[in-house]
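Take a look at the structure set out below.
The values are calculated or read from the model by the stated rules, or taken from the named source; none is laboratory data. Just so we're clear, the structure is a prediction, and the values are computed from it rather than from any experiment. Methodologically, a virtual Cβ is constructed for each residue, glycine included, from the backbone with ideal geometry; neighbour enumeration extends over all protein chains shown. With ligands, DNA and RNA removed, areas are computed over all heavy atoms of the protein, side chains included. Shrake-Rupley method; radii C 1.70, N 1.55, O 1.52, S 1.80 Å.
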Amino acid sequence: MQTNVKVETLELFKHAETRVAIIVANGIPGYDNILHIFLTNDALAAWLKEHREKHPDVDFRYVEDSLGAAVNFTIWNPVDGISIHSVTDASFDVTREDLSALTDLFDSFRILTATKKGKTSVVEAAMHMKNKTVYFIGNMPEEGQLMEKKDLVFGKTIVKRHAADGTAYEAIAAFLTEESALHFAEKPVPVNACKLSKLASLWGFKTAVLIEPERSFCIDFAPEGLL
């Protein structure tokens, strides 16, 4: 298998929540050691028809999951790579080796998704996430200093939130990529990177941190959990 597209052009993290069909052959994810992923019903139907006719001894089925889950599976399992089908007779192929640069990013996606689904506790997620790099909108204060108003971007560095009881509170907006932060801002803004625990420390561990506020897997972390 060879990569036939620049990985960055696929914007895999941007589309991580997209529901896709994934081929399962004889009960094992993938076929011919490649994870085949389908974005459209037409491409899936054509592929299944062709391969069921050519290989009647193989039980071809499919399961549905997110694109992010499929990428993460590929990174952590001994397959050659992924083949993404959006139209008939064409695919975007990326080797597992070329996906390896996204390991930490999609590991974060996995943790946050599992937490959102109640499969991992927020406490456990905080332990896994606190040393990961995140991005925030605003200027980095001088070393040893806390964030001040001059460092903020109005309405973007901090977001308004509501607790289950309706109580309003503020949270620091954090993102897993610079591109995600800029998309949230909707305009050119300063974006800086640091460890998640460092970001909480810039606020004296007094403000919650909300990762990816516009995504379905967004999670609030209490500052004390990031100490």
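Which of the GluC sites (Glu not before Pro) found in the stretch 158-197 are loop residues per DSSP with 11 or fewer other Cβ atoms within 10 Å of their Cβ?
Of the GluC sites (Glu not before Pro), the ones in loops of the stretch 158-197 whose Cβ has at most 11 other Cβ atoms within 10 Å are E186.
Using the Cα gyration tensor of the stretch 147-194, with a ≥ b ≥ c the square roots of its eigenvalues, what is the shape: rounded (a/c below 1.5), prolate (a/b larger than b/c) or oblate (neither)?
Here the stretch 147-194 falls in the prolate category.
Skip the ligands, DNA and RNA, and give the accessible area per residue of the chain with a 1.4 Å probe, whole Å².
In whole numbers, the chain has 54 Å² accessible per residue.
Please identify the chymotrypsin sites (Phe, Trp or Tyr not before Pro) of the stretch 96-184 that satisfy two criteria: DSSP loop assignment and at most 12 other Cβ atoms within 10 Å. Which are they?
F154
What net charge do the residues around A193 carry, taking every other residue with its C-beta under 13 Å from that of A193, with Lys and Arg at +1 and Asp and Glu at -1?
0
How large, in percent, is the carbon and sulfur part of the accessible surface of the chain at a probe radius of 1.4 Å?
Ligands and nucleic acids excluded, carbon and sulfur give 52 percent.
Using only the Cα atoms of the stretch 148-227, build the gyration tensor, take square roots of its eigenvalues as a ≥ b ≥ c, and label the shape rounded, prolate or oblate: rounded if a/c is under 1.5, else prolate if a/b is larger than b/c, else oblate.
rounded
Give the shape of the stretch 84-123 as rounded, prolate or oblate, defined through the alpha-carbon gyration tensor: a ≥ b ≥ c are the square roots of its eigenvalues, a/c under 1.5 means rounded, and otherwise the shape is prolate if a/b is larger than b/c and oblate if not.
Judged from the Cα gyration tensor, the stretch 84-123 comes out oblate (a/c at least 1.5, b/c at or above a/b).
So what's the angle, to the nearest 10 degrees on a 0 to 90 scale, between helix 41-54 and the longest Cα principal axis of the chain?
Relative to the chain, helix 41-54 is tipped by roughly 40 degrees.
Per residue Cα convex hull volume for the stretch 1-80, in cubic angstrom?
It comes to 102 Å³ per residue, whole-number rounded.
Within the stretch 46-146, which GluC sites (Glu not before Pro) sit in a loop by DSSP and count at most 15 neighbouring Cβ atoms inside 10 Å?
E142, E143
May I ask you to give the average projected area over all directions of the convex hull of the Cα atoms of the chain, in nm² rounded to one decimal?
It is 14.3 nm².
What's the angle, to the nearest 10 degrees (0 to 90), between helix 67-76's Cα axis and the longest principal axis of the chain?
80
When Lys and Arg each count +1 and Asp and Glu each count -1, what net charge do the other residues less than 13 Å away from D93, Cβ to Cβ, add up to?
Combined, the nearby Lys, Arg, Asp and Glu give -2.
What does the charge add up to near T9, with Lys and Arg as +1, Asp and Glu as -1, over the other residues with Cβ less than 14 Å from its Cβ?
Local charge sum for T9: -3.
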